[in-house]
1. Identify, from the list B:141, B:132, B:146, the residue that is at negative phi, more than 14 Å from chain A (Cβ to nearest Cβ) and away from ligand 2 (no atom under 16 Å from the Cβ).
2. Just to be sure I understand the filter: pairs with C-beta atoms under 6 Å, separated by 6 or more residues or on different chains, first member in the range A:150-165 and without any contact (Cβ under 8 Å) to a residue 40 or more places away in the chain, second member open to solvent by 10 Å² or more (accessible area, probe 1.4 Å). Which pairs pass?
3. Residue B:288 is checked against (1) at pLDDT below 90; (2) more than 17 Å from residue B:230 (Cβ to Cβ); (3) in contact with a Leu (Cβ under 6 Å, 6 or more places away or on another chain) and fails just one. What number does that condition carry?
4. Within the range A:183-193, track down each residue that is facing chain B (nearest Cβ under 7 Å) and closer than 16 Å to residue B:104 by Cβ.
5. Condition first: in contact with an Asp or Glu (Cβ under 8 Å, 6 or more places away or on another chain) and among the acidic types (Asp, Glu). Now tell me which residues in the range B:78-137 satisfy that.
6. Among the residues that make up the range A:128-141, is at least one of them among the small types (Gly, Ala, Ser), farther than 23 Å from residue A:231 by Cβ and within 14 Å of chain B (Cβ to nearest Cβ)?
7. What residue, among those in the range B:83-112 that are within 13 Å of chain A (Cβ to nearest Cβ) and open to solvent by 40 Å² or more (accessible area, probe 1.4 Å), is nearest to ligand 1 (Cβ to nearest atom)?
8. In the list A:40, A:3, which residue meets the criterion of being among the small types (Gly, Ala, Ser) and either open to solvent by 60 Å² or more (accessible area, probe 1.4 Å) or touching a residue at least 12 places away in the same chain (Cβ under 8 Å) (or both)?
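The values are calculated or read from the model by the stated rules, or taken from the named source; none is laboratory data. A quick note: this is a predicted structure, and the numbers were derived from the prediction, not measured. Heads up, the Cβs are rebuilt from the backbone with ideal geometry, glycines too, and the neighbour counts pull from every protein chain shown. Side chains are part of the model used for accessible areas, which takes the heavy atoms of the whole protein and leaves out ligands, DNA and RNA. Shrake-Rupley method; radii C 1.70, N 1.55, O 1.52, S 1.80 Å.
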Amino acid sequence: MRSRYDWVIWTFFWGGLALTALFVGGPVLNAIWLSLHQASSFIAEPKFVGLGNYARVVQEPEFWSAMANGLIYALSAIVLQVVIGIAFAMVLNQPFFGQRLVRGLATLPYLLPTVVVALTFQWLADGSVGLLTVIARDLGLGTIPWFEQPATARASVILASVWLWTPFVTICVLAGLQSIPPALYEAAKVDGAGPVSIFFHVTLPQLKPVLTVVVLLRAIWMFNKFDVIWLLTKGGPLGATEHLPILAYKRAFSLFDVGGGAAVATVSFLILMAAVSTYLWMFPLEEKR
Amino acid sequence: MASVTLEGVTKSFAGLTVVQSVDLAIAEGEFMVLVGPSGCGKSTTLRMIAGLEETSGGTIRIGARDVTQLEPRERNIAMVFQNYALYPHKSVRENLAFGLKMRGTGKAEIEQRVARAAAMLKIEPLLARKPRQLSGGQMQRVALGRALVREPDVFLFDEPLSNLDAKMRVHMRDEIARLHREVGTAMIYVTHDQVEAMTLGDRICVMKDGVVQQVGRPLDVYDRPANTFVAGFIGSPEMNFADGEIASEDGRPVFRSGPLALPLDGARQGAALEPGQPVTLGIRPEHLTVAATGLPARVLHVERMGAESVLQLDAGVGLRALVDRDDGVEEGDTIHLAAPANRLHLFGRDGLALGGAGR
Ligand SMILES: Nc1ncnc2c1ncn2[C@@H]1O[C@H](COP(=O)(O)OP(=O)(O)OP(=O)(O)O)[C@@H](O)[C@H]1O
Ligand SMILES: [Mg+2]
């Protein structure tokens, strides 16, 4: 139906499309174009080299270890965020004294700027006076080298990311939990289901639509996450926390291999696109409950 | 199969008592209907029997077992919910099987019981579907089926028909009555619809404000309501009431209210009447008949319902009468009413039936 407000709709539609093209499509195409050229800096005249940059970067072991690091980081962070996020949401969904206050506090890490969180985390994990270090020492775990050894550095980066973004999962799941009709739980109780069966037969299936979106968003963000890792470890030590976005950044901005960096970024983008498409094919979003 | 016994069952929410000391015994195989206006505590009572709501006091027994402190799953009850509460992500077959699976019933037995219940409810063609692919009536059948396969000690229903259209409701009512005859297990059924209560119940329990008003066979409650509330709640159109007092004419008791005077000879509760005693008189619209002589009344309005008409009358007090459509009464007419004395109900000013009827 035509209405006299059509122009508003079309303005927003074309306006949105134009902005998206300009600020998303443009850089993506530019990166792809760059990845097909060789340039030793951003001001040098680029020379077309075809797929040469790709051939070069995939032969380097750093590329493959960055890929593996990225997958380990993204997968563990997502799994932990989702599991802990669901657990928190279920606790916060129970009525208890001070529920509103605790709900508010639980979302706090998500509201803080990443820089603040990263610096706070570094401070908590300070080798001599950090709270976490002191607690670990008092628990008899010795002095934990939070960022100095590959294994602990990986764990620390994951830990910080989980701490930062679990609230997002918690908020979404909490909203999902509140929309589950209580009668379903009651029917299950009458049917003889205990708490565990109720979780797997009522709660989880009812959360599926919400979890499908949450996991997708978390996956995209975690796979592309740059700031937290850069702020905490810069990809170190010994490249233990270096994943594709960091590798691309280092190549382009530290080594001034602009073409190589763009090639890494493009590969990363293609992998993510393939993964997201597969995911959406397996769990279509439009599924109705 | 088992009986259900409630002794002094009470429920309070934050200091507000919504179910007050309910005593009720449902015999093995009996169909008991809890009926009453909205908010009277029917659902709360049923949910306490199910174990979905904790009691604030009293004891609930199923058979000889005291189940007051038991979890719902330990009570061996089955419940049909108002909104069906089918598991949306499970097929009809899985919905039916779930309760048995949770109790560790064998695969073969589950299949057999699901098949039997599906046949009884004629839902075999629906077994592979998801609930969202069903109509309201079909969902209701599946919900019944889910209760049926369990073969519980007692079935609980909370307004299971209120989401269906009028025709479907009558149909499913007959279906539930048939199921009860076939399985012969005790059923407790909550409704605010007195027609459902009258037609389904072996006995009905009328509640108001969390207090049981009367328990009895439907027709006994209809014939001998224990108080004005029950008298007004059961029966449609509602019973006529008139406040007045007992007078004596020539040594015979008469009910008098302003210009209205009705002889009470032969009234069921006539024996204990004393002149000057204040009473409330009740008579059902269907027991007032148009006659050649008797109480004069002006017809204010005629509501034609088909076979019968409801007359709004002014006989000094406002009255309603249910008459045959062929009685030829028109608005503005003045007619005479006959009220058989044995159909009159007399209540004290406290609302209780005189002579301790009902109870
Ligand atoms: N969880 C609760 N918290 C507080 N009050 C409640 C709660 N559940 C029910 N009540 C109150 O208890 C009273 C009885 O409620 P109940 O649901 O048993 O009524 P009902 O007879 O089933 O009415 P309806 O016909 O409307 O379903 C109502 O006044 C209701 O407001
Ligand atoms: Mg109710």
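1. Numbers: B:132 fails: more than 14 Å from chain A (Cβ to nearest Cβ); B:146 fails: more than 14 Å from chain A (Cβ to nearest Cβ).
After applying the criteria, what remains is B:141.
2. Hits for this filter: A:152/A:145; A:152/A:146.
3. The failed condition is (1).
4. First pass over the range A:183-193, keeping only residues facing chain B (nearest Cβ under 7 Å): A:183-184, A:186-187, A:189-193.
Passing the criteria: A:191, A:192, A:193.
5. Scanning the range B:78-137 gives no hits.
6. If we filter the range A:128-141 for residues that are among the small types (Gly, Ala, Ser), which is where we start, we get A:128, A:130, A:136, A:140.
With farther than 23 Å from residue A:231 by Cβ added as a condition, the list becomes A:140.
Add one more test, that the residue is within 14 Å of chain B (Cβ to nearest Cβ), and what stays is none.
No, there is no match, as no residue in the range A:128-141 is among the small types (Gly, Ala, Ser), farther than 23 Å from residue A:231 by Cβ and within 14 Å of chain B (Cβ to nearest Cβ).
7. Among those residues, the one meeting the criterion is B:83.
8. Details: A:3 fails: either open to solvent by 60 Å² or more (accessible area, probe 1.4 Å) or touching a residue at least 12 places away in the same chain (Cβ under 8 Å) (or both).
After applying the criteria, what remains is A:40.
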